[in-house]
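The values are calculated or read from the model by the stated rules, or taken from the named source; none is laboratory data. Remember, predicted model here, so these are calculated numbers, not experimental data. Virtual Cβ from ideal backbone geometry, glycine too; neighbours counted across all protein chains shown. Accessible surface is based on the protein model in full, side chains and every heavy atom, while ligands, DNA and RNA are left aside. Shrake-Rupley method; radii C 1.70, N 1.55, O 1.52, S 1.80 Å.
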Amino acid sequence: MARNLGQETERKILKKIGARRQPASGSLPGFPNDGIVGKYLIEIKSTQRGSLSLKRKWLEDLEENAMTRGKTPALIVIFNWP
């Protein structure tokens, strides 16, 4: 259930900012991260908890994927309150 909420949140945010969603939420080769809008490659992280641990790997992967595609990395953090 939590995974579905994460995907729903991702879709809503990408639509709100006019971004194109990556196929399979970025899990397919050649389509990294969650979305693209203009010069930005976007990764969205969401939680229902009061805090979110930021993983270095998320940032490193986002930066590398963006740089290899000529994009600027953008991390969006959302707190979904129940």
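The string of couplings for the range 40-46 from the Karplus curve (6.51, -1.76, 1.60, θ = phi - 60°) is 9, 9, 10, 10, 10, 10, 9 Hz, one whole number per residue in order, with x for Gly and Pro.
The solvent-accessible area of Ser53, taken with every protein chain present and a 1.4 Å probe, is close to 80 Å². Counting only trypsin sites (Lys or Arg not before Pro) that DSSP places in a loop and that have at most 16 other Cβ atoms within 10 Å, the longest clean stretch of the chain runs over 1-38. Straight-distance candidates among the lysines for linking to Lys39, with alpha-carbon spacing under 19 Å and chain neighbours fewer than 8 residues away dropped: Lys15, Lys16, Lys71. Sequence-distant contacts, meaning Cα pairs under 8 Å at least 6 residues apart, place the relative contact order of the chain at 26 percent. Each 10 Å bin from 0 upward holds the following percent of the Cα-Cα pairs of the range 34-80: 27, 49, 21, 2. For the chain, the Cβ-based charge dipole about the Cα centre amounts to some 240 debye (Lys, Arg positive; Asp, Glu negative; other atoms uncharged). Here's the picture: charge each Lys and Arg Cβ at +1 and each Asp and Glu Cβ at -1 in the chain, and of Thr9, Pro23, Val77 the one pushed furthest to the positive end of that dipole is Thr9. Computed from Cα positions, the angle between helix 56-68 and the longest principal axis of the chain comes to roughly 30 degrees. Computed from the alpha carbon positions, the gyration tensor of the chain leads to an equivalent ellipsoid with semi-axes of 21, 14, 11 Å, biggest first.
You can think of it this way: the chain between Lys55 and Trp81 has 7.2 nm of extra reach, that is 0.36 nm per residue less the Cα-Cα gap. Where only DSSP H runs of four or more residues are counted, the chain gives -11000 deg cm²/dmol as its mean residue ellipticity at 222 nm, each run worth -39500 (n - 2.57).
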